[in-house]
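Structure record follows, encoded as structure tokens.
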Ligand code: GLU
Ligand code: ZN
């Protein structure tokens, strides 16, 4: 590529950020980083009613957590600011004036119901504006103004067709007779999204607009406007457009804000790691190789070619997302997992904040038992809680307890207690030995049956870290006390 690549992140800060939005940002990021280009981050908060500060903060928080960094834009500044659309009103008004002074636009005085009535009377199947005000006479215009009507500014779509070479889809052509002249501003002069999005791309010198397929139908309008912006000296060139595939949810419907799996921040709350979420989102429309789906972002950047993006809709598969996260977790060192799990353990009150020396010591001994078993950081909480909890607060999962402590289960717990009461040198090996002798040999039980009830008695759950090691960490007194309390 000859000119340096410049792409943009341009979310609308409305609501909780959607995984599709993050996927789009990730592909822009990988594309820019692959080409040594720049990323501009602007906030498209033109819709004042729907834009919120919470959403803005959530987006930035998420981007930072994921490590999707940017070179220019909100928070960091740069030569093309401001980067909040709500602060660019003067810029848009100036561009609108210049467009209005040209023949690319015209003032339109129509009311929606008048347009509909004309369409109906003409038996037209085409929706939208009919071009009525394209060539108003001075008398007609004066009459509208005398009625007190305020005009909106409409873009005059050129005749013929518009074709672009989509970076993902190849040639796409629209006949402009199917693309009505569209509004650039409201009657009160406020610029509309149709204007501000391409104007910002022009003024921020964006070279590649990579965005969701849902925006594809607006591209012919934007390309036509871009020609005008180039002509007026506002844009230097027209960007390359590429439309990334839809992200589908269950039942082949687009993943919508209403689907719980759509909310990107929820993954962080559950304890996905950024490496895992990014790796999974990368697979929504791209792959590094046919036989490989676990990779780092450095590898993605190295390999990313926009031409390899698959235009077909990508299905969001939560199971697969979790499996990828697990695979990425396994690549972290135990120290790293401990470090990242700590906020979850603090938040849940498993350890204090700051962590006491005793808890820190216990954690160091306990993490090796669970590090390879947890698929998300949040799972450290239920896995480790029983080791840290005060005896007075220790509780068992009621379902697991009901299942485990039937007649046989209680007999097992009693036998385990009696065998362990004789063990004085308390180690994993001696605990295991005593329990095997008493339960497997003595009671002739299968290990699953034998140790299941003991596990629920001491850990409170059917699923726990390895039993004998856990009991060693729990200590002799607490282990025996829990076995006794299980007996009621
Ligand atoms: N702000 C738009 C959105 O969040 C993105 C528009 C674009 O990428 O051109 O849907
Ligand atoms: Zn009109």
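Residues are listed down the side, and each one gets a yes or a no for (1) more than 12 Å from ligand 1 (Cβ to nearest atom); (2) out of contact with any helix residue (DSSP H, G or I) (no Cβ under 7 Å at 6 or more places or on another chain):
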{"residue": "162", "(1), (2)": "yes, no"}
{"residue": "188", "(1), (2)": "yes, yes"}
{"residue": "216", "(1), (2)": "no, yes"}
{"residue": "221", "(1), (2)": "no, no"}
{"residue": "254", "(1), (2)": "yes, yes"}
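Report yes if residue 65 is in a helix (DSSP H, G or I) and in contact (Cβ under 8 Å) with a residue 60 or more places away in the chain, otherwise no.
Criteria met by residue 65.
Quick test for you: out of 456, 423, pick the one residue that is buried (at least 16 other Cβ atoms within 10 Å of the Cβ), in contact (Cβ under 8 Å) with a residue 24 or more places away in the chain and assigned to a helix (DSSP H, G or I).
Working: 423 fails: assigned to a helix (DSSP H, G or I).
Checking each option against the conditions leaves just 456.
For (1) in contact with a strand residue (DSSP E or B) (Cβ under 9 Å, 6 or more places away or on another chain); (2) more than 25 Å from residue 276 (Cβ to Cβ); (3) without any contact (Cβ under 8 Å) to a residue 40 or more places away in the chain; (4) more than 15 Å from ligand 1 (Cβ to nearest atom), each residue gets a yes or a no:
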| site | (1), (2), (3), (4) |
| --- | --- |
| 7 | yes, no, no, no |
| 10 | yes, yes, no, no |
| 23 | yes, no, no, no |
| 34 | no, no, no, yes |
| 84 | yes, yes, no, no |
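Take region 426-443 and flag every residue that is surrounded by fewer than 14 Cβ atoms within 10 Å (Cβ to Cβ) and more than 48 Å from the chain's Cα centre (by Cα).
First, pick out the residues of region 426-443 that are surrounded by fewer than 14 Cβ atoms within 10 Å (Cβ to Cβ): 427, 429, 437, 441-442.
The answer is 437, 441, 442.
Do you know which residues across region 101-119 are in contact with a strand residue (DSSP E or B) (Cβ under 9 Å, 6 or more places away or on another chain), within 12 Å of ligand 2 (Cβ to nearest atom) and assigned to a loop (DSSP other than H, G, I, E, B)?
109, 110
I'd like the full set of residues that are surrounded by fewer than 24 Cβ atoms within 10 Å (Cβ to Cβ) and either within 15 Å of ligand 1 (Cβ to nearest atom) or within 24 Å of residue 321 (Cα to Cα) (or both), limited to region 50-61.
Going through region 50-61, the residues surrounded by fewer than 24 Cβ atoms within 10 Å (Cβ to Cβ) turn out to be 50-58, 60-61.
If the condition is that a residue be surrounded by fewer than 24 Cβ atoms within 10 Å (Cβ to Cβ) and either within 15 Å of ligand 1 (Cβ to nearest atom) or within 24 Å of residue 321 (Cα to Cα) (or both), then 50, 51, 52, 55, 56, 58, 60, 61 are the ones that fit.
Take the residues in region 232-249 that are buried (at least 17 other Cβ atoms within 10 Å of the Cβ) and farther than 16 Å from residue 210 by Cα, then tell me which one is modelled with the lowest pLDDT. It would help to see each step written out before you state the result.
In the first step, residues of region 232-249 are kept if they are buried (at least 17 other Cβ atoms within 10 Å of the Cβ); the result is 234-235, 238-249.
Retained after the next criterion (residues that are farther than 16 Å from residue 210 by Cα): 234-235, 248-249.
Details: 234: 97, 235: 97, 248: 95, 249: 91.
In this case the residue turns out to be 249.
So which strands (runs of 3 or more DSSP E) stay within region 120-220 end to end and still have 2 or more residues that are farther than 21 Å from residue 44 by Cβ and either within 14 Å of ligand 2 (Cβ to nearest atom) or in contact (Cβ under 8 Å) with a residue 12 or more places away in the chain (or both)? Steps first, please.
Details: elements: 152-155, 161-166, 170-175, 208-212.
Because the criterion is at least 2 residues that are farther than 21 Å from residue 44 by Cβ and either within 14 Å of ligand 2 (Cβ to nearest atom) or in contact (Cβ under 8 Å) with a residue 12 or more places away in the chain (or both), the strands (runs of 3 or more DSSP E) in region 120-220 that meet it are 161-166, 170-175.
Say we look at region 289-330 and pick out the residues that are exposed (fewer than 13 other Cβ atoms within 10 Å of the Cβ) and closer than 28 Å to residue 366 by Cα; which of these is farthest from the chain's Cα centre (by Cα)? Give the steps one after another, and end with the answer.
Our first condition is that a residue be exposed (fewer than 13 other Cβ atoms within 10 Å of the Cβ); within region 289-330, this holds for 289-292, 298, 305, 307-308, 312, 319, 330.
Imposing the further condition that a residue be closer than 28 Å to residue 366 by Cα reduces the set to 319, 330.
Values: 319: 16, 330: 22 Å.
Here the answer is 330.
I'm trying to understand the selection: among the residues of region 444-453, which are closer than 21 Å to residue 387 by Cα and either free of Cβ contacts under 8 Å to residues at least 24 places away in the same chain or surrounded by fewer than 20 Cβ atoms within 10 Å (Cβ to Cβ) (or both)?
Hits for region 444-453 are 451, 452.
Tell me, please, whether a residue that is more than 22 Å from residue 286 (Cα to Cα) and surrounded by 14 or more Cβ atoms within 10 Å (Cβ to Cβ) can be found in region 28-40.
Yes - at least one qualifying residue is present in region 28-40.
From (1) farther than 30 Å from residue 380 by Cβ; (2) under 18 Å from the mean Cα position of the chain (by Cα); (3) at pLDDT below 95, pick out the condition that doesn't hold for residue 252.
Of everything listed in (1) farther than 30 Å from residue 380 by Cβ; (2) under 18 Å from the mean Cα position of the chain (by Cα); (3) at pLDDT below 95, residue 252 misses just condition (2).
When region 136-159 is examined, which residues are found to be surrounded by fewer than 12 Cβ atoms within 10 Å (Cβ to Cβ) and either over 30 Å from residue 174 (Cα atoms) or touching a strand residue (DSSP E or B) at 6+ places or on another chain (Cβ under 8 Å) (or both)?
137, 138, 139, 142, 146, 147, 148
Quickly run through region 468-480 and pick out the residues that are closer than 24 Å to residue 364 by Cβ and touching a residue at least 24 places away in the same chain (Cβ under 8 Å). Walk me through it before giving the result.
Step one: of region 468-480, the residues closer than 24 Å to residue 364 by Cβ are 468-479.
Selection gives 468, 469, 470, 471, 472, 473, 474, 475, 476, 478, 479.
State yes or no: is residue 46 assigned to a loop (DSSP other than H, G, I, E, B) and more than 12 Å from ligand 1 (Cβ to nearest atom)?
Numbers: assigned to a loop (DSSP other than H, G, I, E, B): yes; more than 12 Å from ligand 1 (Cβ to nearest atom): no.
Considered against the rule, which asks whether it is assigned to a loop (DSSP other than H, G, I, E, B) and more than 12 Å from ligand 1 (Cβ to nearest atom), residue 46 comes out as no.
Which members of region 400-417 meet the condition of being surrounded by 15 or more Cβ atoms within 10 Å (Cβ to Cβ) and not in a helix (DSSP H, G or I)?
Once the filter is applied, which keeps residues that are surrounded by 15 or more Cβ atoms within 10 Å (Cβ to Cβ) and not in a helix (DSSP H, G or I), region 400-417 yields only 405.
Considering region 332-351 alone, what residues qualify as being exposed (fewer than 13 other Cβ atoms within 10 Å of the Cβ) and either in a loop (DSSP other than H, G, I, E, B) or in contact with a helix residue (DSSP H, G or I) (Cβ under 7 Å, 6 or more places away or on another chain) (or both)?
333
Just give me the residues in region 170-179 being crowded, with 17+ Cβ neighbours inside 10 Å and modelled with pLDDT of 95 or more, in sequence order.
Once the filter is applied, which keeps residues that are crowded, with 17+ Cβ neighbours inside 10 Å and modelled with pLDDT of 95 or more, region 170-179 yields only 174.
The values are calculated or read from the model by the stated rules, or taken from the named source; none is laboratory data. Given the structure is predicted, the values throughout are model-derived calculations rather than measurements. We place every Cβ from the backbone using ideal geometry, glycine too, and count neighbours over all the protein chains shown.
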